[in-house]
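The values are calculated or read from the model by the stated rules, or taken from the named source; none is laboratory data. Given the structure is predicted, the values throughout are model-derived calculations rather than measurements. Please note: Cβ atoms are built from the backbone with ideal geometry, for glycine as well, and neighbour counts cover all protein chains shown. Accessible surface is based on the protein model in full, side chains and every heavy atom, while ligands, DNA and RNA are left aside. Shrake-Rupley method; radii C 1.70, N 1.55, O 1.52, S 1.80 Å.
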Amino acid sequence: MVKVTYVAHDGTRTELDGDPGDSVMSLAIAQGIDGIVGECGGSMMCATCHCYVDEDWAETAGPRMDGEEDMLESAACEVTERSRLSCQIKLTEALDGLVVHLPEEQV
Ligand code: FES
C-alpha cells in the first residue's frame, strides 16, 4: 500500500491507500476526492488534475514529465514550481506518505 494525503483548499486532509502503479489522479477519482476532476482520464489532455506536491515530497515525486509544463498552462489556478498533473505521478513504494495539495478549482 502507498499512503497519499490529499489536502483540500480549505485545509481538509484525506488519507487514502493506493497501490503501486496507481496515479495520484486515479486514486483520487476512485475514492471520490473533490478537487481532482481528471477530465481526460490521464492522457495529459486537460489540466483538471492539477495539484501541488508538498514541498517535503517535491524531490521524491521527481520532475514534470514531457508535455506536462505545456498542459499546466491551461490550469484554472495559479501554477507554481510545485504544480504537477496528478495523473502523471505514479505511485511507488518510495512515495508512501506523499502529500499533495489541491487547488481551489480545476475548471
Ligand atoms: S487527467 Fe487530464 S491531464 Fe491529468
Legend entry - Hz values of 3J(HN,Hα) by residue in the range 90-99 - Karplus curve (6.51, -1.76, 1.60), Gly and Pro given as x: 8, 6, 9, 4, 5, 9, 4, x, 3, 10
Inset, instruction - Rank these by accessible area, largest first, 1.4 Å probe: K3, K90. - result: K90, K3
Inset, instruction - Sort 51-61, 24-34 for me by packing, meaning the mean count of neighbouring Cβ atoms within 10 Å per residue, highest on top. - result: 24-34, 51-61
Inset, instruction - Leaving ligands, DNA and RNA out of it, work out the accessible area of V37 with a 1.4 Å probe and give it in Å² to the nearest 10. - result: 70 Å²
Legend entry - Value of relative contact order over the range 2-101, rounded to a whole percent, pairs C-alpha under 8 Å and six or more apart: 42 percent
Legend entry - Estimated distance in nm for a label pair at D34 and T92, the labels positioned 7 Å out from Cα along Cα-to-Cβ: 3.4 nm
Inset, instruction - May I ask for the Kirkwood hydrodynamic radius of the chain, worked out over all distinct Cα pairs and given in angstroms to one decimal? - result: 13.3 Å
Inset, instruction - Would you mind getting the accessible area per residue of the chain, heavy atoms of the protein chains only, 1.4 Å probe, in Å²? - result: 54 Å²
Legend entry - Label point distance in nm, E81-R13, each placed 7 Å from Cα along Cα→Cβ: 2.5 nm
Legend entry - Under 5 Å, built H, 5+ apart or other chain: amide partners of H101: V7, Y52, V53, D54
